[in-house]
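To start, the structure itself, in structure tokens.
No lab work stands behind these numbers, since they all come straight from the coordinates. Every value quoted in this text rests on a predicted model; they were computed, and no experiment measured them. Cβ coordinates were reconstructed from backbone atoms using ideal geometry, including for glycine residues, and neighbour counts include every protein chain displayed.
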Amino acid sequence: RRALGSLGKSRAKFISAEETTGVTFDDFAGQEYIKRELQEIVRILKNDEEFQDKGIYCPKGVLLHGPPGTGKTLLAKAIAGEAGLPFFAANGTDFVEMFVGVAAARVKDLFSSARSFSPSIIFIDEIDAIGSKRGGPDVGGGGAEREQGLLQILTEMDGFKEFTSQVLVIGATNRLDILDPALLRKGRFDKIIRVGLPSKDGRLAILQVHARNKFFQSEKEKDILLQEIAELTVDFTGAELQNILNEAGILTARKDQDYIGREELLEALKRQKGTFETGQEDSTEIPHELNLRMAYREAAVAVLACYYPDPHRPFVETDINAIRSKPNMRYAETSGKAFLRKSDYVSSIVRACAPRVIEEEMFGIDNLCWISAKATSEASRLTEMLILQTGMTAFGKTFYRTQSDLVPNLAPKLEALREEYMRFAVEKCASVLREYRSAVETITNILLERGEIKAEKIWEVYKKAPRIPQAPVHP
Ligand code: ADP
């Protein structure tokens, strides 16, 4: 083997084949089908020429996707270990830099290092950080830069010559939905494997793997205990199961006992569940992603509140300090002479769509959460009220207390009309948010930084923000 030296700008960690031989497929338990698929790849990698003679080529890219802690990294290492190949590990976030050209240069470096040791394996964890859809939401900033990095990955993968420089690229992500489709095309990551949460049998198998180096009173006792833990750990990941056993080992040692017993295991399980449920009892910290979602929601609500100001109920301030399914925006007391026209009702429906529209825009349609559900029900409720109770729409002048007052043949008419209003409201809301995209971002940043924002500041940002002209939306 050549001397390794520095890997330049790629920051990728080089782990030599010797270091990875420790990890094999035996270390990964449960989901046997995954191992079968990967074992086949290892066979092709090992007998490269033999398979090539038969016209069988190793896939260039394997994408492992699934929740964190389910063993994706472990699998990638096991492939390297089993095939006895050098392993280059990088993280998608390593490539995301605000400086022009750096991301692409790092990708280039990584691939050329791997190629000079080929056959070899490149592992890119959190590949979504660099490989998300182009032209999509630019949550972290540096969008153009990231795009350059992504293009470079595509170029590198297309550039492999099947016969000479065999480099297998393994990507891992828990956000398959936001990956750029170009990455998934034939000749790139064309083998996609889902690594899911383990079943009960899978959990037992994982526990057995991690119990290998632990002491129990007897084999029989161990089997009974692990069986019990496997039953109590629905939705736990492999990493969490491993933690339970480690924690139980620590508790056992602390008590100066020789064997892990039932009590220690149950105590460890309880502790794992505590951290698992975000430790809400002893901390009120809001998880980062929820924080970001709430900041965008409040920013969108604020922009819409400026766009369609309600003169009778001015907004006062908002924050992201409390988790609520409805927006946190606070309004002044309703002033006396409220008189609402049809257009005011319609505006209120458009405003109510803001949390849902921004969430879809920023996080993707496959990644909505309860914030969206709440907004959808609120907007539908307002629409229904406008149609059934005001007599202002094509539905007619009759007042209906609720939908259940309707004679059956009117129901489809209500549905059709409600669809129409909702479609307009969502489109109009999306158009406003795109036009004021810059204001949304600024308010979001202020909220993330300070936790709250007052009406005065919101108006200032709204009025100063550059706008992106949009095509008109027609009712
Ligand atoms: P991911 O890359 O999916 O986030 P990791 O591979 O980093 O997950 O998993 C962390 C650790 O959890 C692994 O090193 C391993 O010890 C344990 N683990 C996870 N899944 C399994 C599994 N199916 N079998 C055995 N151990 C597992």
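Which translational diffusion coefficient, to the nearest whole µm²/s, is obtained for region 41-122 from the Stokes-Einstein equation, given a Kirkwood hydrodynamic radius over C-alpha pairs, 20 °C and 1.002 mPa s? For the chosen part, D equals 148 µm²/s.
So if each residue of separation counts as 0.36 nm, and I subtract the Cα-Cα distance between Gln208 and Glu289, what length gain in nm does that give?
Values: separation 81, 0.36 × 81 = 29.16 nm, distance 3.37 nm.
Stretched fully, the Gln208-Glu289 segment lengthens by 25.8 nm.
At a Cβ-Cβ separation cutoff of 4.7 angstrom, cysteine residues of the chain with no neighbouring cysteine are Cys58, Cys306, Cys369. An ellipsoid equivalent to region 194-258, defined through the eigenvalues of its Cα gyration tensor, has semi-axes of 21, 13, 9 Å when rounded to whole angstrom and sorted largest first.
The charge dipole of the chain, taken about its Cα centre with unit charges on the Cβ of Lys, Arg, Asp and Glu (plus for the first two, minus for the last two), comes to roughly 1460 debye.
For the chain, the longest principal axis of the C-alpha atoms and the axis of helix 200-210 are separated by about 50°. Each principal axis of the Cα cloud of the chain was evaluated for its coordinate range; sorted largest first, these ranges are 81, 56, 49 Å. Per the Debye calculation on region 347-386 with a single equal scatterer at every Cα and no solvent contribution, log₁₀ I(q)/I(0) for q = 0.14, 0.19, 0.24, 0.27 Å⁻¹ amounts to -0.28, -0.48, -0.70, -0.82. Here each label is just a point 7 Å from Cα along the line to Cβ, and for Asp158 and Arg324 those points are 5.1 nm apart.
Could you compute the FRET efficiency for Trp459 and Arg185, with r as their C-beta to C-beta distance and R0 at 51 Å, rounded to 0.05? Once rounded, the FRET efficiency stands at 0.60.
Working out 0.36 nm times the residue gap between Glu37 and Ser118, then minus their Cα-Cα distance, what length gain in nm do you get to one decimal? Each step should come with its number before you reach the end.
On the way: separation 81, 0.36 × 81 = 29.16 nm, distance 2.18 nm.
In short, 27.0 nm is gained.
As a length-normalised measure over Cα pairs under 8 Å and 6 or more apart, the relative contact order of the chain settles at 13 percent. The Rg/Rh ratio for region 403-474 is 1.23, where Rg is the radius of gyration of the alpha carbons and Rh is the Kirkwood radius.
Kirkwood hydrodynamic radius, region 347-475, all distinct C-alpha pairs: what's the number in Å?
Numbers: mean 1/r = 0.0606 Å⁻¹.
After inverting the mean inverse Cα-Cα distance, the result is 16.5 Å.
Modelled this way, with points 7 Å down the Cα-to-C-beta line, the labels at Ser438 and Lys220 are 7.7 nm from one another. Computed from the C-beta positions of Ile192 and Arg271, the FRET efficiency with R₀ = 25 Å rounds to 0.10.
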